[in-house]
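Q: Supplied in structure tokens, the structure appears directly below.
Any read-out appearing in this document is the output of simple, stated calculations on the displayed coordinates, not a laboratory observation. This structure is a prediction, so every number in the text was calculated from the model and none was measured. A quick note on method: Cβ atoms are made from the backbone with ideal geometry, for glycine too, and the neighbour counts reach across all protein chains shown.
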Amino acid sequence: MSAPILSVRGLERRYGARIGCTGIGFDLWPGEVLGIVGESGSGKSTLLSCLAGHQRPEAGRVTYDGRDVLAMAETERRRLARTEWAYVHQHARDGLRMGVSAGANVGERLMATGARHYGRLRAQAIDWLDRVEIDQTRIDDRPTAFSGGMQQRLQIARNLVTGPRLVFMDEPTGGLDVSVQARLLDLLRGLVRDMGLSVIIVTHDLAVVRLLADRLMVMKSGRVVEQGLTDQVLDDPQHAYTQLLVSSVLQV
Amino acid sequence: MSDYNFAYLDEQTKRMIRRAILKALAIPGYQVPFASREMPMPYGWGTGGVQLTAACLTPDDCLKVIDQGADDTTNAVSIRKFFQRTAGVAVTQATREATLIQTRHRIPETPLTEDQVLVYQVPIPEPLRFLEPRETETRKMHELEEYGLMHVKLYEDIARHGQIATSYAYPVKVEGRYVMDPSPIPKFDNPKLSDCPAIQLFGAGREQRIYALPPYTQVVSLDFDDYPFEASKPDHDCDLCGASDSYLDEVITDDRGGRMFVCSDTDFCAGRVRAGHAGRLAGRNKGAAA
Ligand SMILES: Nc1ncnc2c1ncn2[C@@H]1O[C@H](COP(=O)(O)OP(=O)(O)O)[C@@H](O)[C@H]1O
Ligand SMILES: [Mg+2]
Ligand SMILES: [Zn+2]
């Protein structure tokens, strides 16, 4: 069997005396989708941003493809962040450049990794707009002119264009209308399968993980209280908190 | 004059600026922060350049000041007078005679020499600012050589205008390392930045930054493989001196749509006219035409 693509041990992040997350450990296998669920404030975003290197944990180890992420030089980590990794923000405007066209948004990672042929950048942008179901006539429009769902799809295209291996997503369907969410989930599921992506997806929406995640981690007050295969956890929750979540008492 | 130290600034300030200049020369294209001083003129007047000039001038220097290529604009005249008064240095309008040239928006047409220093006035030193306003982030981008954003800007240009429409402050890469804003010179001047025998110093007063190109530094204008950089200029010859290879200003000559193209570098143009060259409208002059 192959090695995990991401391996996490004893991860802890504090905000002063307050715990962001603590005692986190798991392995993510190539091609696997891991869902992280829990109510608001349970530490999901904190964990994700520590994994992606946006925040520095106080303790623990993160190993990507055999490399110690926390010991890595920043140059190297940022290079990974724009090549092999991708990060989809909850609010599309945090992950997009609102001041430049959709085409430039898609092309940025390519240019950041050395693409210097305008014609080919253009062709790749068109191809990716197509894949995320944005009409290619919108290529020169700014994302400010896009709906929330389109902005989120553009953010996904912009992230996936370099063919990353590991994708972090923080509430990618949050704040969207239900019908828009469904379409986005469908699209994500297709892309994840086609590209064989390894994904860590944070959400408070169990419907999202039921559709996308192979495995689940349930978080409460910064700790993982239960983890397992998605169907197992959702259909036969062991921890009282998970039972509450599943019975949708805590669902917003 | 006796109220001021030589060239207005006190010796301690000049030493501080010289240290920044030396650092800038040691790391070509890198923006060195410096403690910009209040100068007796508004920021838009090139206080960054003025401080560099003040720190570099010696009593034996011969100073030339140009604004858009001309020695006789209000801005150029004021700065020249300022240093005549505070440093008592010789002044000239002839590029060849000058040992220090302070400029806004142009590089002289006459090739510079190893005995000269060219000081640029810079409004915005950060070439990445256009797309990334956060200073902490742009500093990081320079440190880690993450310059993809510069091409995003050029991409936008082509998407919008069908070509790279940036015609001033066209970004360059210095010695394969730092991306630099050459100040708002026309891109026609960009090739002169490279392999130049003179020392080139850039000063941004309000932004408190100094950067530099030591002699014979390699400077490359950014572009795309299928949209290569072109040092374009109006497709005319100078109407006064006939020069076909100098940067031209378009001048309206009357209210019936008459116009002429003349060298923006007035010293260069006058020199050619004196040497007997003549353009389409030879005999008239830029001042009388305007
Ligand atoms: N920047 C911060 N400074 C201080 N406390 C924070 C910060 N970010 C998050 N927290 C706290 O850490 C805990 C986990 O927050 P977060 O990771 O955002 O949870 P979630 O994403 O599950 O809603 C919460 O108690 C939150 O208030
Ligand atoms: Mg969150
Ligand atoms: Zn001329």
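Q: Given H placed 1.01 Å from N in the peptide plane, which residues other than close sequence neighbours of A:Ile134 have an amide H under 5 Å from its amide H?
A: none
Q: Same structure again: Taking the Cα centre of chain B as origin, sum charge times position over the Cβ atoms of Lys and Arg (+1) and Asp and Glu (-1), and report the length of that vector in debye to the nearest 20. All intermediate terms of the calculation are to be shown ahead of the outcome.
A: Working: 33 positive and 41 negative charges, 145 e Å.
In debye, rounded to 20, chain B gives about 700.
Q: Moving to a separate point now. In whole percent, what relative contact order does chain B give with Cα contacts below 8 Å and a gap of six or more residues? Intermediate values should be presented prior to the final figure.
A: Working: 591 pairs, mean separation 58.0, N = 290.
Computed over chain B, the figure is 20 percent.
Q: The range B:107-137: which GluC sites (Glu not before Pro) are DSSP loop and have at most 16 other beta-carbon atoms within 10 angstrom? Mind showing how you got there, number by number?
A: Values: sites: B:Glu109, B:Glu114, B:Glu135, B:Glu137; in loops: B:Glu109, B:Glu114.
Sites meeting the loop and neighbour criteria: B:Glu114.
Q: Evaluate peptide B:255-265: per residue, the Cβ atoms of other protein chains within 10 Å of its Cβ; return the mean as an integer. If you can, show how the numbers build up before the last one.
A: Working: counts 0, 0, 0, 0, 0, 0, 0, 0, 0, 0, 0.
Average neighbour count from other chains, rounded to a whole number: 0.
Q: Going down the table (B:Lys64/B:Lys233; B:Lys23/B:Lys233; B:Lys14/B:Lys64; A:Lys44/B:Lys140; B:Lys64/B:Lys140; B:Lys14/B:Lys153), which pairs top 29 Å between alpha carbons?
A: On the way: B:Lys64/B:Lys233 25 Å; B:Lys23/B:Lys233 34 Å; B:Lys14/B:Lys64 20 Å; A:Lys44/B:Lys140 27 Å; B:Lys64/B:Lys140 37 Å; B:Lys14/B:Lys153 37 Å.
Over 29 Å Cα-Cα: B:Lys23/B:Lys233; B:Lys64/B:Lys140; B:Lys14/B:Lys153.
Q: What is the order of B:Ile27, B:Ile199, fewest Cβ neighbours within 10 Å to most? Can you show the working numbers first?
A: Working: B:Ile27 16, B:Ile199 21.
Result, fewest neighbours first: B:Ile27, B:Ile199.
Q: I'd like to know which of B:Ile66, B:Ala26, B:Ser78 lies farthest towards the positive end of the charge dipole of the range B:4-78, counting +1 on Cβ of Lys and Arg and -1 on Cβ of Asp and Glu.
A: The residue sitting most towards the positive pole is B:Ala26.
Q: Moving to a separate point now. How are the Cα pair distances of the protein assembly as shown distributed, in percent, across 10 Å bins from 0?
A: 3, 16, 21, 19, 15, 12, 9, 5, 1, 0
Q: Could you tell me whether the range B:233-278 comes out rounded, prolate or oblate from its Cα gyration tensor? Rule is a ≥ b ≥ c as square roots of the eigenvalues, rounded for a/c under 1.5, then prolate if a/b exceeds b/c, otherwise oblate.
A: Since a/c reaches 1.5 and a/b is larger than b/c, the shape of the range B:233-278 is classed as prolate.
Q: May I ask you to list, by number, the DSSP H helices of chain A whose Cα span along the axis is at least 15 Å and whose average Kyte-Doolittle hydropathy reaches 0.5 or more? Please list the in-between numbers first.
A: On the way: long enough: A:102-112 (16 Å, 0.27); A:118-131 (20 Å, -0.78); A:148-160 (18 Å, -0.62); A:178-195 (25 Å, 0.56).
Helices passing the filter in chain A: A:178-195.
Q: Same structure again: Give the average over all directions of the projected area of the C-alpha convex hull of chain A, one decimal, in nm².
A: Values: hull surface 55.9 nm².
With every direction weighted equally, the projected area is 14.0 nm².
Q: Determine the equivalent ellipsoid of the range A:88-199 by diagonalising the alpha-carbon gyration tensor, then write out the semi-axes as square roots of 5 times the eigenvalues, largest first, rounded to whole Å.
A: Numbers: eigenvalues 85, 54, 31 Å².
After scaling each eigenvalue by five and taking roots: 21, 16, 12 Å.
Q: Nearest 0.05, what FRET efficiency do B:Met41 and A:Arg210 give at R0 = 60 Å with Cβ-Cβ as r? Present the calculation step by step, with values, prior to reporting the outcome.
A: Values: r = 68 Å, r/R0 = 1.13.
Once rounded, the FRET efficiency stands at 0.30.
Q: Please give the FRET efficiency for B:Glu135 paired with B:Ala282, using the beta carbon to beta carbon distance and R0 = 41 Å, rounded to the nearest 0.05.
A: On the way: r = 51 Å, r/R0 = 1.24.
Once the sixth-power term is evaluated, E becomes 0.20.
Q: Between rounded, prolate and oblate, where does chain B land on the alpha carbon gyration tensor, with a ≥ b ≥ c its root eigenvalues, rounded for a/c under 1.5, else prolate if a/b exceeds b/c? Can you show the working numbers first?
A: Working: a/c = 1.85, a/b = 1.07, b/c = 1.73.
Note, shape of chain B comes out oblate.
Q: For a Förster distance of 60 Å, can you work out the FRET efficiency between the beta-carbons of B:Gln218 and A:Ala17, rounded to the nearest 0.05? Display every interim value, and only then the final one.
A: On the way: r = 54 Å, r/R0 = 0.90.
It comes out at approximately 0.65.
Q: Let me ask something else. Size of the range B:148-277 along its principal axes in angstrom, Cα-based, largest extent first?
A: Sorted largest first, the three principal extents are 46, 36, 32 Å.
Q: Also, I was wondering about something else. Ranked highest first by the average count of other Cβ atoms within 10 Å around their residues, in what order do B:200-212, B:157-169 fall? Could you put the intermediate results ahead of the total?
A: Numbers: B:200-212: 25.1, B:157-169: 15.1.
Most protected by this proxy first, the peptides run B:200-212, B:157-169.
Q: Hey, another quick one. Please get the size of the charge dipole for the range A:88-199, origin at its Cα centre, with Cβ charges of +1 on Lys and Arg and -1 on Asp and Glu, quoted in debye to the nearest 20. Spell out each step's value before the answer.
A: On the way: 15 positive and 13 negative charges, 78 e Å.
In debye, rounded to 20, the range A:88-199 gives about 380.
Q: OK, next. Under a point-charge model restricted to the Cβ atoms of Lys and Arg (+1) and Asp and Glu (-1), what is the dipole moment magnitude of the range B:24-99 relative to its Cα centre, in debye to the nearest 20? Can you show the working numbers first?
A: Values: 6 positive and 7 negative charges, 20 e Å.
The calculated dipole for the range B:24-99 is roughly 100 debye.
Q: For the range B:220-290 and the range A:80-119, what is the separation of their Cα centres, given in Å?
A: 41
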